[in-house]
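Asks: Let me give you the structure first, and then I'll get to my questions.
The values are calculated or read from the model by the stated rules, or taken from the named source; none is laboratory data. Computed from a predicted model, the values in this text were never measured in an experiment. Just so you know, the surface numbers come from the protein's heavy atoms only, side chains and all, with ligands and any DNA or RNA stripped out. Shrake-Rupley method; radii C 1.70, N 1.55, O 1.52, S 1.80 Å.
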Amino acid sequence: MYYGTPMGWGGFVVMTLGMVVFWSVLLTVVVLLVRRRDEHGGSALRILEDRLARGEIDTDEFDRVRKTLRSR
């Protein structure tokens, strides 16, 4: 006798593991895409801020270069 589905417990276990793998892969892809977008979007400005903090450039040059980066 089957209670519910003809697959039994084995089908339930395989279906559950399949869903865990599916959502894990989907979440991993989304996280990687968000990190990649963040790295490319903010890296130049982050380097510029670091150079200002170390004293390599002054605030006038910082503002000029920041305006140039934002216009692109």
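Asks: Please verify whether region 28-42 includes one or more residues that are open to solvent by less than 60 Å² (accessible area, probe 1.4 Å) and small (Gly, Ala, Ser).
Replies: yes
Asks: Within region 22-60, track down each residue that is modelled with pLDDT of 90 or more, hydroxyl-bearing (Ser, Thr, Tyr) and within 18 Å of the chain's Cα centre (by Cα).
Replies: Residues satisfying the conditions are Ser24, Thr28.
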